[in-house]
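S.K.: Take a look at the following structure, please.
Each reported figure results from applying straightforward, stated rules to the coordinates on display, with no laboratory input. Everything numeric here is computed off the predicted structure, so don't read it as measured data. So basically every Cβ, Gly included, is an ideal-geometry build from the backbone, and we count neighbours across all protein chains shown.
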Amino acid sequence: MSATLIDKTELSTHTDTTLGAYLFPLIGQPFLFARLGYAEELTLHFGVALEAKHKKLREAGVRYGSYILLVRGSAWIVDAGNQTAVDQLAKTMLQGTPGAGKPLGKEEIAKELIRPGLRVVAVTPFIIPEPESFALRLDLADRSTVVVIPTVDESEIELADWELATPRGTISVGPGLKAAWHGVA
Amino acid sequence: MGRKRDLQQVDQVARRFGLDRMEFGDYLELCKSQGDRGTANDRGDFTHDELVEKAREFQENQ
């Protein structure tokens, strides 16, 4: 696996064409399922469902999408159908906002977050000022949306704000206005 | 909060042992759901030493 750093200036001035190009393959992929994993990390799985490589995970029926959006430690908001779901960070950010959404548990996220089969129609990175970083908006065919919002971290941990894993490699975005492409060898 | 710190620890241990980071994280969640919980916090997350132990276990059970 090789890593290619994508230039900060290039990203901040050509967001649509540069970062968008790495995200483009997600458009048209069907949503499969969502999972709240270790350290409450949300992953959204798209494309074709694949078996886990590890025996114990396979036996437990753990599967992966061929395309996976990993929210990492960022806040997230899912506006799907008649409900809005948020994580604890987004709940704090939106405190006092009418219709701000409710935090969901693992089972609720797995069962009812987004309708399986819905296709991605747009993937839009955009810059937020504080912390200066790339947020992400995902639009699905029924007008459901997923928004990922990087958050300030007190301990300056060098962890990507969000990632998209694809069959050809993974784009890691953040922290800050930077991204790296890790291609599959 | 510590969510990023927890994720970073998992990433670091997975890298050290050459594990698939995502599968290792899901393995940890599977262990927790089966009652094999860590002592880092009330959620049953794992301390760094426990993660290293889990990484060895993950490799042995592949």
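S.K.: For A:Phe24 and B:His48, what is the calculated FRET efficiency with R₀ set at 35 Å and r taken between the beta-carbons, to the nearest 0.05?
M.R.: 0.40
S.K.: What distance in nm separates the simple spin-label points at A:Arg119 and A:Thr145, each placed 7 Å from Cα in the Cβ direction?
M.R.: 2.2 nm
S.K.: How far apart, in nanometres, would the label points at A:Ile127 and B:Arg56 be if each is projected 7 angstrom from Cα along the Cα-to-Cβ direction?
M.R.: In this crude label model, A:Ile127 to B:Arg56 measures out at 4.8 nm.
S.K.: With an 8 Å Cα cut-off and a minimum separation of 6 or more residues, compute the relative contact order for chain B in percent.
M.R.: Relative contact order, chain B: 30 percent.
S.K.: Continuing with this model, one more query. Hey, got the average number of other protein chain Cβ atoms within 10 angstrom for residues in B:31-41?
M.R.: 1
S.K.: Also: Give A:Lys56/B:Lys4; B:Lys4/B:Lys32; A:Lys56/B:Lys54; A:Lys56/B:Lys32 a once-over and call out the pairs whose C-alpha atoms are over 24 Å from each other.
M.R.: Those over the limit are A:Lys56/B:Lys4.
S.K.: Just need the relative contact order of the range A:141-185 here, percent rounded to a whole number, with Cα pairs under 8 Å and 6+ apart.
M.R.: So the answer I get is 26 percent.
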